Structure formats: structure tokens, C-alpha cells
Amino acid sequence: QVQLVESGGGSVQSGGSLRLSCVASGFTAGCMGWFRQAPGNQREGVAGIGNDGRTIYADSVKGRFIISRDNAMNTLYLEMNDLKPEDTATYYCAADPRRQYIFLSDLLATWRFGNWGQGTQVTVSS
């Protein structure tokens, strides 16, 4: 079974950077993504990466965040730059062993993924 463990969250100032990591076990191939959820809000997709390496980003983070994957270490990363207070949320990584997708945007949808980490908190202050 798949197990995902996020790390790297913390408190940063506006404009700062942070790098999140997600170590996956029981998972060798498929699609992965980063999602976030602020109190009172629904969980939303932030960035996704297909088994083919293609990536997609939410408009709100495009140009600021970078998703990447280290296949050898089986680790997913999210490089977060120019952080803003509205980025404050609990960030979750997700994995789906299915390699194929119809639309790349599906990798930003919660319904695509059945495996989730426990989350790591990111707080951005002004």
C-alpha cells in the first residue's frame, strides 16, 4: 500500500521561499500532485506531475511554484517562491498509480487521487 509523508513546512515572510518534500513508499510509478487546504476552504490543487513528467499549475501559483520528482529517491518536491499570505494552508501530497490521464488538468483534481499524506503546514506572514 502507498504511504506518503510530507515535510518542509514552516513559517516564512512574504516573498520568501520554501521547499516541501513528500517521500512515497509502496509507489513506483504514476501521477502525483500537491494540494492545499486553508481553514474553511475546500482542498484545491496546486501543482501536478504526470508519469510522463508533464506538469500543471494552478493559476494562482504559476510562475512561483515548481513541482518536481526524484524517481530514484521516490520523492516529490514543491519549490515555493515569492510566497504570499494567501498561500497559507496545509499542503498535502497525493499519488495515483495510474499512469494515464485524459486531461493534464485532472492532476489538479482531488478525485483523481486516492492516496494522501498527512499534510504539512505552511504559514506566510506579511
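Please give the contour-minus-distance gain from Thr110 to Ser17: 0.36 nm per residue of separation, less the Cα-Cα distance, rounded to one decimal in nm.
31.0 nm
Apply the a/c threshold of 1.5 to the C-alpha gyration tensor of segment 70-110 and tell me whether it is rounded, prolate or oblate.
Because a/c hits 1.5 or more and a/b fails to exceed b/c, segment 70-110 counts as oblate.
Please work out the ratio of the alpha-carbon Rg of the chain to 2.2 N^0.38 Å and round it to two decimals.
Normalised Rg, Cα atoms only: 0.97.
Amide H neighbours of Gly117 under 5 Å, at least 5 residues apart or on other chains, H built in the peptide plane: list them.
Those qualifying (amide H under 5 Å, at least 5 residues apart or on another chain) are Cys93.
Looking at the chain, which Cys residues are left with no other cysteine's beta carbon under 4.7 Å from theirs?
Cys31
Which of the trypsin sites (Lys or Arg not before Pro) found in segment 79-117 are in a DSSP loop and have at most 11 neighbouring Cβ atoms, other than their own, within 10 Å?
Arg99
Whole-Hz ³J(HN,Hα) for each residue in segment 79-86, computed from phi via Karplus 6.51 cos²θ - 1.76 cosθ + 1.60 with θ = phi - 60°, x for glycine and proline: what do you get?
8, 10, 10, 6, 5, 10, x, 5
Any idea what the relative contact order of the chain is, in percent, if you count C-alpha pairs under 8 Å spaced at least 6 apart?
Rounded, it is 37 percent for the chain.
Find the accessible area per residue for the chain; the probe is 1.4 Å, ligands and nucleic acids are left out, and the unit is Å².
Computed with neighbouring chains in place, this is 51 Å² per residue.
Given contacts defined as C-alpha pairs under 8 Å and at least six residues apart, what's the relative contact order of segment 24-70, whole-number percent?
Contact order relative to length: 28 percent.
May I ask you to compute the full-extension gain from Ala72 to Val5, defined as 0.36 nm times their residue separation minus their alpha-carbon distance, rounded to one decimal in nm?
Length difference between fully extended and current span is 22.5 nm.
The values are calculated or read from the model by the stated rules, or taken from the named source; none is laboratory data. Only a predicted model underlies this, so the values are computations on that prediction, with no experimental measurement involved. Reconstructed Cβ throughout: ideal geometry from the backbone, glycine too, with neighbour counts over all protein chains shown. Side chains included, ligands, DNA and RNA excluded: accessible areas come from the protein's heavy atoms. Shrake-Rupley method; radii C 1.70, N 1.55, O 1.52, S 1.80 Å.
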